[in-house]
Amino acid sequence: MTNKTTGPLVEIRGLQKTYNAGLPNAEEVLHGIDLAINQGEFTALIGPSGSGKSTLLNILGLLESASGGSYQLGGRDVTAFDDDERTLARHEVLGFIFQFHHLLPAFTAAENVMLPGLMGRSRGVLQSDLRERAMELLDAVGLHDAADKKPTELSGGMQQRVAIARALVRGPQLVLADEPTGNLDTHSSDTIFALLRKFNRERGTGLLIVTHDPRLAARCDRIIELVDGRIASDRPNTPAVT
Amino acid sequence: MNALGFELTVALRFLREGRMQTALIIGGAAIGVAVIFFITAVLTGVQGDLIKRVTGAQAHIVIKPPEEIVAPLVAGDTDGTRLSSIQARPQRLTTIDGWPALARATEATEGVIAVAPVATGSGLGIKGEASRSVVIVGTELERYLRVVKLDDKVKSGVLVIEPGDALIGIELAKDLGAVLGDRFRVQTAQGGSEVFRIRALLDLGSRELNRRYVYTDLRAAQSLLGIPGRITNLDVAVRDIMKAEIISAKLRAQSGQLIESWIQTNNQIFAAIKNQDIMTLLIRFFITVVVSLGIASVLVVSVVQKRKEIGILRAIGATRRQMLSVFLLQGVIVGVGGALLGSVLGMMLVSLFSRILRNAEGQALFSLSFDFRLIGFVVAGAAVLGLMAAVLPARNAARLDPAQAIRG
């Protein structure tokens, strides 16, 4: 899975995004962004609301396509990928954590974690192996006993921990997290952050975390600040000891 | 959990999650299927009964000698002037020449199951002071029974015709004041006169037939009608009576005789049956449309409700094609589930109403038969229908932009 490349994992040049292009209400939200993210980096993406953070995250996550510029992911030019190719690249390289947990309510916690592995493209992965991997991850996020519970039976923090396990089940090189602690209390928020940190250190999984919370950003290795669709600052950060 | 495959697993979970909607739409489809099932059974029963009634004492096809016509003095209507009007000639009793050969040829025709020679004409039935005009039907009973099932029409007596025996309609017996075993005389305009013993009383299904028909043996009828050794018509039975007209056309092409099928002679009834068929076809068609629209609308709503989930699945790696399959499968599952349930419901309706709906004789109009081919056909049809109903919603699901769907 980890196809080690010498260059950065993510490299975008002159990335530009316009919504409703060609219409009277056209709106350019990203104005030529250059950015490189290396393997295993633990990065915070901050900025005021409407600065284009989520749009940038969606484009990096191949959920949206850019209106201009180029995008290299894991050494491949994905700029002109069609929907199927983007889906496959997303599936292979990326993991997602959303603000509102977004587990599928019809599936148990363990099944939610297994879902990305069930889509028929992980040939050679046995059902039992997949279940084992899911259980191991649920263990790692401290939810061993909740494996067979439905999401509605879990607290917000627990749901988000299941979502983290799901994001990691295929061993992605980069996990994109959109305000993963956005609607959690401080305690749950710290737990989640600690888990993300742990996976980053133990497995070398890169993280790009969109957050409003300066406290969280201060605990990342690099802070990128986006203002009005432009990178206002991009600096390394030495986390204070927690 | 993925023994079923990703798409089917998700489809089943989605259906189970929307319990109420799923139950409602499967229920709707089931009722539709049950109604189709039921009206098909009722219609088949009612039409079968009607046809049996109409054709009861009648051959499916009757072969007669051609009508005698008077050759017109002036051929055609050339210049608008007619020197004479043509009067139809009174029809004499005409007979079929060389009937044994014709009977064999007819019997060999595809679709024909039996042929019987008949000498028929009118006469007068007399007993004491009472006299009634009758229709004499002389035939070889054994052959005739294969053409017209008199077996189930016997009210009393036995189906045997020995020389001097006759089988007559129940009304005729009443009119003549005769009972089983009595003798009565039959006279004809050809000068024949013969005494018959009543061996059986028949209920031929209509008053008109019951007060006129006298069945006897071929030889007696021939001598009564003054046509020894000859017959007036050949009665024919066919396997599929709805094809009687097609077979008639074939026979017409083979022989120079006049050929009438029951469809021709009962034109109006046949037209009524055809109209009934078209009506039920329409009803079935509209039920199908309504059920399909129901399935489609529930799935459309389901796609809207599940926007977020679809977005998540897409984000974690499900392709458009997989989302399409998830919703197409839901359509198929709902269709098949509805058809199975509907078949059971339909059979229950049929068995219930077969006890209530009865014909004039008090027999059940239709009976419950487990036609597994019909059920198989209905289920397969419902699967295809569910699939088609799901096409539009499934395409909506597949087209959903994951980024927008997740944002909410």
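The values are calculated or read from the model by the stated rules, or taken from the named source; none is laboratory data. Nothing here was measured: the structure is a model prediction, and the numbers come from that model. Here the Cβ is made from the backbone with ideal geometry for all residues, glycine too, and neighbour counts use every protein chain on show.
Within the set of pairs 6+ apart or on separate chains, which have a first residue in the range B:328-342 that is within 16 Å of residue B:303 (Cα to Cα), a second that is aromatic (Phe, Trp, Tyr), and C-beta atoms under 8 Å apart?
Within 8 Å, the pairs are B:330/B:14.
Can you tell me which residue in the range A:153-163 is surrounded by the fewest Cβ atoms within 10 Å (Cβ to Cβ), limited to those that are of a type outside the set (Lys, Arg) and assigned to a helix (DSSP H, G or I)?
A:153
Of A:166, A:170, which residue is buried (at least 23 other Cβ atoms within 10 Å of the Cβ), farther than 17 Å from residue A:239 by Cβ, touching a Pro at 6+ places or on another chain (Cβ under 8 Å) and not small (Gly, Ala, Ser)? Explain how you work it out, then say what you get.
Values: A:170 fails: buried (at least 23 other Cβ atoms within 10 Å of the Cβ).
One residue alone meets the criteria, A:166.
Could you tell me whether residue B:116 is under 34 Å from the mean Cα position of the chain (by Cα) and either part of a strand (DSSP E or B) or of a type in the set (Lys, Arg) (or both)?
Taking the combined requirement at face value, the residue satisfies it.
Picking from B:299, B:313, which residue would you name as being crowded, with 24+ Cβ neighbours inside 10 Å, out of contact with any Lys or Arg (no Cβ under 6 Å at 6 or more places or on another chain) and closer than 21 Å to residue B:381 by Cα?
B:299
Has the range B:163-184 got at least one residue that is in contact with a strand residue (DSSP E or B) (Cβ under 7 Å, 6 or more places away or on another chain), among the acidic types (Asp, Glu) and without any contact (Cβ under 8 Å) to a residue 40 or more places away in the chain?
Scanning the range B:163-184, I find no residue that is in contact with a strand residue (DSSP E or B) (Cβ under 7 Å, 6 or more places away or on another chain), among the acidic types (Asp, Glu) and without any contact (Cβ under 8 Å) to a residue 40 or more places away in the chain, so the answer is no.
Given the condition facing chain B (nearest Cβ under 10 Å), buried (at least 21 other Cβ atoms within 10 Å of the Cβ) and within 20 Å of the chain's Cα centre (by Cα), answer yes or no: does some residue in the range A:76-85 qualify?
For the range A:76-85, residues facing chain B (nearest Cβ under 10 Å), buried (at least 21 other Cβ atoms within 10 Å of the Cβ) and within 20 Å of the chain's Cα centre (by Cα): absent.
Checking residue B:245 against (1) touching a residue at least 40 places away in the same chain (Cβ under 8 Å); (2) closer than 21 Å to residue B:66 by Cα; (3) charged (D, E, K, R): exactly one of these is not met. Which one?
Condition (1) is where residue B:245 drops out.
Criterion first (within 9 Å of chain B (Cβ to nearest Cβ), more than 20 Å from residue A:207 (Cα to Cα) and either touching a Ser or Thr at 6+ places or on another chain (Cβ under 7 Å) or assigned to a loop (DSSP other than H, G, I, E, B) (or both)) does residue A:107 satisfy it?
Working: within 9 Å of chain B (Cβ to nearest Cβ): yes; more than 20 Å from residue A:207 (Cα to Cα): yes; either touching a Ser or Thr at 6+ places or on another chain (Cβ under 7 Å) or assigned to a loop (DSSP other than H, G, I, E, B) (or both): yes.
Here the answer is yes, as residue A:107 does meet what is asked.
Would you pick out the residues in the range B:44-60 that are over 30 Å from residue B:118 (Cα atoms) and crowded, with 18+ Cβ neighbours inside 10 Å?
B:45
Filter the range A:54-69 for residues that are within 13 Å of another protein chain (Cβ to nearest Cβ) and more than 12 Å from the chain's Cα centre (by Cα); which is nearest to residue A:214 (Cα to Cα)? Please lay out each step first, then the result.
From the range A:54-69, those within 13 Å of another protein chain (Cβ to nearest Cβ) are A:54-66; that's our starting set.
Cutting the leftovers down to more than 12 Å from the chain's Cα centre (by Cα) gives us A:55, A:64-66.
Details: A:55: 20, A:64: 27, A:65: 29, A:66: 28 Å.
Within the range A:54-69, the match that is nearest to residue A:214 (Cα to Cα) is A:55.
Go through the range B:7-43 and report how many residues are among the hydrophobic types (A, V, I, L, M, F, W, C) and crowded, with 21+ Cβ neighbours inside 10 Å.
First pass over the range B:7-43, keeping only residues among the hydrophobic types (A, V, I, L, M, F, W, C): B:8, B:10-12, B:14-15, B:20, B:23-26, B:29-31, B:33-39, B:41-43.
Adding the requirement that they be crowded, with 21+ Cβ neighbours inside 10 Å leaves B:10-11, B:14-15, B:25-26, B:29-30, B:33-34, B:36-37, B:41.
Residues flagged as among the hydrophobic types (A, V, I, L, M, F, W, C) and crowded, with 21+ Cβ neighbours inside 10 Å within the range B:7-43 amount to 13.
Test of understanding: among B:171, B:194, which residue is in contact with an Asp or Glu (Cβ under 9 Å, 6 or more places away or on another chain) and within 16 Å of residue B:137 (Cβ to Cβ)?
Criteria check complete, one pass: B:171.
Take residue B:278 and decide whether it is part of a helix (DSSP H, G or I), modelled with pLDDT of 90 or more and crowded, with 17+ Cβ neighbours inside 10 Å.
No.
For the subset of the range A:51-91 comprising residues that are in contact (Cβ under 8 Å) with a residue 60 or more places away in the chain and among the small types (Gly, Ala, Ser), which member is nearest to residue A:9 (Cα to Cα)?
A:74
Find the helices (runs of 4 or more DSSP H) located wholly in the range B:286-403 whose residues include 2 or more that are more than 30 Å from residue A:63 (Cβ to Cβ), and list them.
Hits in the range B:286-403: B:320-353, B:372-399.
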